[in-house]
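Engineer: Sharing a structure with you now.
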């Protein structure tokens, strides 16, 4: 068998050539597996799902998942990272708006994401599987991005003193708790009501920050 024949045989065996990893088909296939994974891990705990289970429910060969993600952990981390990118992008939109409107838009985008991607949101906020340093680092990255977005909207800058950052982190942790309760209660409250409540909480937090850090005055309420 010559080299050309061997390459053709390899391609027919696994259906995915290594060189195809960067192609549109490969990117789309990987994205499809991440979408499937979001649904699987939403219904079943990480430890309860084996790679055989995942492959069977995804209706793909187990080797294909290893090909793209190396391991179950790699697959799970890719799912979390994909969810994080969506959340940060949605929450950080509207940079062309005035500061007050931008903060309002950021919180609304955050709630919309949680409302329409509940499983992914829970995964991000809960920190994933047990105490996993890498998963928690991803979650903390989301928090830092959100704090930076709020600080930029409120003060026009992302680099803020420790007290300002701590106060904004405290507010954000409250946002996470309120949002988890809201989506867990079948959204008995209207999104606009939750958003306005969180905006009011933020306004109060910014007022307290100004008392401790006069160089960071709260933006005027719209």
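The values are calculated or read from the model by the stated rules, or taken from the named source; none is laboratory data. Predicted model only: the values in this text are computed from it and were never measured. Don't worry about glycine lacking a Cβ; one is built from the backbone with ideal geometry, like all the others, and counts go over all protein chains shown.
Engineer: Could you tell me which of the residues 168, 163 is within 21 Å of residue 105 (Cβ to Cβ) and free of Cβ contacts under 8 Å to residues at least 60 places away in the same chain? Before you say what the answer is, go through the steps one by one.
Structural biologist: Working: 163 fails: within 21 Å of residue 105 (Cβ to Cβ).
Just a single option satisfies the conditions, and that option is 168.
Engineer: Could I ask something else about it? Working only within region 181-215, note down all residues that are part of a helix (DSSP H, G or I), over 20 Å from residue 103 (Cβ atoms) and without any contact (Cβ under 8 Å) to a residue 60 or more places away in the chain. So that I can check it myself, show each step before the final result.
Structural biologist: Here is the first cut: in region 181-215, the residues part of a helix (DSSP H, G or I) are 181-184, 191-212.
Within this subset, residues satisfying the condition of being over 20 Å from residue 103 (Cβ atoms) are 181, 183-184.
Result: 181, 184.
Engineer: Looking only at region 148-166, filter to residues that are under 22 Å from the mean Cα position of the chain (by Cα) and part of a helix (DSSP H, G or I); which one of those is surrounded by the fewest Cβ atoms within 10 Å (Cβ to Cβ)?
Structural biologist: 166
The rows are residues; the columns are (1) at pLDDT 80 or above; (2) surrounded by fewer than 20 Cβ atoms within 10 Å (Cβ to Cβ); (3) assigned to a loop (DSSP other than H, G, I, E, B).
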| position | (1), (2), (3) |
| --- | --- |
| 97 | no, yes, yes |
| 106 | yes, no, no |
| 124 | no, no, no |
| 143 | yes, yes, no |
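Engineer: Is it true that some residue in region 173-192 is crowded, with 19+ Cβ neighbours inside 10 Å, under 26 Å from residue 77 (Cβ atoms) and modelled with pLDDT under 85?
Structural biologist: no
Engineer: Among the listed residues 29, 7, which satisfies the condition of being at pLDDT below 85, more than 18 Å from the chain's Cα centre (by Cα) and not in a loop (DSSP other than H, G, I, E, B)? Walk me through how you get there before you give the answer.
Structural biologist: Numbers: 29 fails: at pLDDT below 85.
On inspection, the qualifying residue turns out to be 7.
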